[in-house]
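As structure tokens, the structure follows; a few thoughts come after it.
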Amino acid sequence: MKIPFKIFPVYLFVLLIASCGNADDDVSFDINHQELGLGQEPDNCLGFEDNELLLSIQDQFTTLPGKVSILFRVSDVLGNPISGLEANQFTIYEQGRNDDCFNTISSSESLARISPNSQVFSNNTLLILDLSNSVLENSLEELKSASTSFINNVMPSPETDSFKMGIYWFDGEDELHLLNDLTSSSAELVTAISGITTDISNDPSTDLYGAVIKATGKAEELIQANNQQSVIGAASVVIFTDGTDQASRYTEQAALKAVTDADRNISFFTIGLGAEIDTEVLTDIGRTASVFAGNKEELEATFTQISQRVSEQANSFYLFEYCTPKRDGSGDNNLVIQLTHSGLQGAVQTKFSATGFTGGCE
């Protein structure tokens, strides 16, 4: 039986991170967004120092007979996602109505664990490729190799239904063409990339702004579909281009407005190639991160930089679960989760109800 704590708006992080230059020095991820999501700062009675790590609570629920589940995202205070954490790095503190401050709950006795989060979280990546004439004639093989590396770096192994990727492409037409629909299979995505040929496009122009607007719309639809299924959704839009908008179907202002007004659960990344790109525009579109390759030989390195960021963001969401000793259903109990990692610490406080709780916990 799953008992919601409360219904809260969900706030996922959207970072504004820009870079310029070539593949050697073209990435910067320094942004401080200082958010704890649905949580709050821990009570002063615990005597914790200021947070050096941020635990942003995205969702929380309890399950009979006595399990507490918290979905949160971990980052440092610069906004960099923290992945690869284990349950023994977290300490649990509880405060009931008879407690002056918080009591430490043994992680081993409470069976604390990091659980698969597919039941409450879905992450989708949309890879958007510029297949206009300049790419097809000059850098298609390098783009295919870089895209394959991106897929292999981002897609988890083994496969999981909570993480999927879809691939689209654009040229000069007023359409965002589907290359491969959302899937959790990296092999399927790699096959789709390898099948791209130089005759795939019928319009040599570049409808960059249209691609941004349409990709944002598709990401919004994915977020809404997840919400309807009571699943927290995050999406990453990764756009590659080797030039500027030439089709003039849509304005720069319209494309930037689509990004600015997009759901906060959507991250935007841009990858630019060559001397004809507008780095300022791509930086504005890629509000989470932008990287630029000076030539096609640097393309795979820039895709790898972005793939690391996309993967880290997706893997920085944790479903932390433990069995609480609380049995009191007459009011809320306070809960603090503290994390220590690489000499840094962070903590977040929330509440839960122990209504109906008994001994035993799955």
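The values are calculated or read from the model by the stated rules, or taken from the named source; none is laboratory data. Model, not experiment: these values are computed from the prediction. Glycine gets a Cβ as well: all are built from the backbone with ideal geometry, and neighbour counts include every protein chain shown. Accessible surface is based on the protein model in full, side chains and every heavy atom, while ligands, DNA and RNA are left aside. Shrake-Rupley method; radii C 1.70, N 1.55, O 1.52, S 1.80 Å.
Among the residues of the range 218-248, those identified as touching a residue at least 40 places away in the same chain (Cβ under 8 Å) and over 19 Å from the mean Cα position of the chain (by Cα) are Thr241, Asp242, Gly243, Gln246, Ala247.
Before we move on, is Met155 buried (at least 22 other Cβ atoms within 10 Å of the Cβ) and either at pLDDT below 95 or farther than 27 Å from Tyr209 by Cβ (or both)?
Values: buried (at least 22 other Cβ atoms within 10 Å of the Cβ): yes; either at pLDDT below 95 or farther than 27 Å from Tyr209 by Cβ (or both): yes.
Answer is yes for this residue.
Counting the residues of the range 152-190 that are over 18 Å from Gln313 (Cα atoms), of a type in the set (A, V, I, L, M, F, W, C) and in contact with a helix residue (DSSP H, G or I) (Cβ under 7 Å, 6 or more places away or on another chain) gives 6. Condition check: among the small types (Gly, Ala, Ser) and either in contact with a strand residue (DSSP E or B) (Cβ under 7 Å, 6 or more places away or on another chain) or closer than 27 Å to Glu280 by Cβ (or both). Does Ser205 satisfy that? For Ser205, the condition - among the small types (Gly, Ala, Ser) and either in contact with a strand residue (DSSP E or B) (Cβ under 7 Å, 6 or more places away or on another chain) or closer than 27 Å to Glu280 by Cβ (or both) - is met. Here Gln338 clears all of (1) buried (at least 17 other Cβ atoms within 10 Å of the Cβ); (2) at pLDDT below 95; (3) not aromatic (Phe, Trp, Tyr) except the condition numbered (2). Pairing residues of the range 344-362 that are among the polar types (S, T, N, Q) with residues that are open to solvent by 50 Å² or more (accessible area, probe 1.4 Å) and not in a strand (DSSP E or B), at Cβ distances under 8 Å and at least 6 apart in sequence or on separate chains, gives Gln345/Phe48; Gln345/Glu49; Gln345/Glu52; Gln349/Glu41; Gln349/Asp43; Thr358/Leu64; Thr358/Arg327.
Take the conditions (1) out of contact with any helix residue (DSSP H, G or I) (no Cβ under 8 Å at 6 or more places or on another chain); (2) modelled with pLDDT of 95 or more; Arg264 misses just one of them, which is (2). The residues of the range 302-335 that are at pLDDT 90 or above, surrounded by fewer than 19 Cβ atoms within 10 Å (Cβ to Cβ) and among the hydroxyl-bearing types (Ser, Thr, Tyr) amount to a single one, Thr304.
Would you pick out the residues in the range 275-302 that are assigned to a strand (DSSP E or B) and among the β-branched types (Val, Ile, Thr)? Walk me through how you get there before you give the answer.
We begin by selecting, within the range 275-302, every residue assigned to a strand (DSSP E or B); these are 289-293.
The answer is Val291, and nothing else.
Restricting the range 137-158 to residues that are assigned to a loop (DSSP other than H, G, I, E, B) and touching a strand residue (DSSP E or B) at 6+ places or on another chain (Cβ under 9 Å) leaves a set whose member that is nearest to Thr191 (Cα to Cα) is Met155.
Residues being in contact (Cβ under 8 Å) with a residue 40 or more places away in the chain, assigned to a helix (DSSP H, G or I) and out of contact with any Lys or Arg (no Cβ under 8 Å at 6 or more places or on another chain): count how many of those fall in the range 190-213. Number satisfying all stated conditions: 5.
When you check Glu86 against the structure, is it under 27 Å from Gly343 (Cα atoms) and open to solvent by 20 Å² or more (accessible area, probe 1.4 Å), yes or no?
Values: under 27 Å from Gly343 (Cα atoms): yes; open to solvent by 20 Å² or more (accessible area, probe 1.4 Å): yes.
Considered against the rule, which asks whether it is under 27 Å from Gly343 (Cα atoms) and open to solvent by 20 Å² or more (accessible area, probe 1.4 Å), Glu86 comes out as yes.
Residues that are of a type outside the set (Lys, Arg), open to solvent by 40 Å² or more (accessible area, probe 1.4 Å) and at pLDDT 90 or above within the range 102-118 comprise Asn103, Thr104, Ser106, Leu111, Ile114, listed in sequence order. Considering Ser248, Ser311, Ser307, Ser267, the condition of being assigned to a strand (DSSP E or B) and of a type outside the set (Phe, Trp, Tyr) is satisfied by Ser267 alone.
When you go through Lys164, Lys218 one by one, which is the residue that is of a type in the set (Lys, Arg), in a helix (DSSP H, G or I) and open to solvent by 40 Å² or more (accessible area, probe 1.4 Å)? Quick ask: steps written out before the conclusion?
Numbers: Lys164 fails: in a helix (DSSP H, G or I).
Selected residue: Lys218, the only one of Lys164, Lys218 that is of a type in the set (Lys, Arg), in a helix (DSSP H, G or I) and open to solvent by 40 Å² or more (accessible area, probe 1.4 Å).
Checked against the criterion of being at pLDDT below 95, open to solvent by 40 Å² or more (accessible area, probe 1.4 Å) and of a type in the set (D, E, K, R), the candidates Asp76, Asp43, Asp99 yield just one match: Asp99. Scanning the range 167-195 for residues that are under 20 Å from Gly210 (Cβ atoms) and of a type in the set (A, V, I, L, M, F, W, C), we see that the one that is most open to solvent (accessible area, probe 1.4 Å) is Leu178.
Restricting attention to the range 221-245 and to residues that are among the hydroxyl-bearing types (Ser, Thr, Tyr) and in a strand (DSSP E or B), the residue that is modelled with the highest pLDDT turns out to be Thr241.
In the set (1) among the aliphatic types (A, V, I, L, M); (2) at pLDDT 95 or above; (3) crowded, with 16+ Cβ neighbours inside 10 Å, Ala254 fails one condition alone, (3).
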